[in-house]
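Contents: one structure, followed by commentary.
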Amino acid sequence: QVQLVESGGGLVQAGGSLRLSCAASGRSIRINVMGWYRQAPGKQRELVASIDSRGRSNYEDSVKGRFTISRDNVKNTLYLQMNSLRPEDTAVYYCNFITGRSSWGQGTQVTVSS
C-alpha cells in the first residue's frame, strides 16, 4: 500500500522560508516523476513543482526562483524548499506521483502572513 506523508508546514511571515518533506512508502520516488501540489481555500489543487527520474525539475511560474524541489532516493523522501514566501503561497501542500497518482496524503498547511 502506497502512503505519502507530508510535513514541515507552519506559519511564517512574508519573506520567510519553509522546507516541506514528503515521506513515501510502498513505491519508489526515484524512478517516478514526483510533484508538489497546493490547494488554497476556494481554489482547485494545482501543481507547483515536479522532478523527474533524472532530476530535472519544472516549476509553476509564480514560484520560479523561490521554490526548489529535490529528493533523497535513499530515504524515499521528496522535499520542497520554499524561500521568499508570499501571502498568496498560503495553502495546503501535497505531494504525489505525476502519473499513476496515489491516494492523497493529509497535506501540510502553509500559512504566510503579511
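The values are calculated or read from the model by the stated rules, or taken from the named source; none is laboratory data. Every value quoted in this text rests on a predicted model; they were computed, and no experiment measured them. Note that each Cβ is placed from the backbone with ideal geometry, even for glycine, and that neighbours are counted across all protein chains shown. Ligands, DNA and RNA are excluded from the accessible area calculation, which covers all protein heavy atoms including side chains. Shrake-Rupley method; radii C 1.70, N 1.55, O 1.52, S 1.80 Å.
Once C-alpha pairs closer than 8 Å and six or more residues apart are averaged by separation and normalised to the residue number of the chain, the relative contact order reads 37 percent. With both labels modelled 7 Å from their Cα along Cα-to-Cβ, the Gln44 to Asp72 distance reads 3.5 nm.
With protein chains left intact and a 1.4 Å probe, residues in segment 29-70 average 58 Å² of accessible area per residue. If the chain linking Asn58 and Ala14 were pulled fully straight, counting 0.36 nm for each residue of separation and taking away their Cα-Cα distance, it would gain 13.5 nm. Could you tally the net charge around Ala24, taking each other residue with its Cβ under 15 Å from the Cβ of Ala24, Lys/Arg +1 and Asp/Glu -1? Neighbour charge sum, excluding Ala24 itself: +3. With both residues required to sit in the chain, DSSP beta bridges show an antiparallel share near 90%. Protein heavy-atom surface of the chain, 1.4 angstrom probe: 45% of the accessible area is carbon and sulfur, with nucleic acids and ligands not counted.
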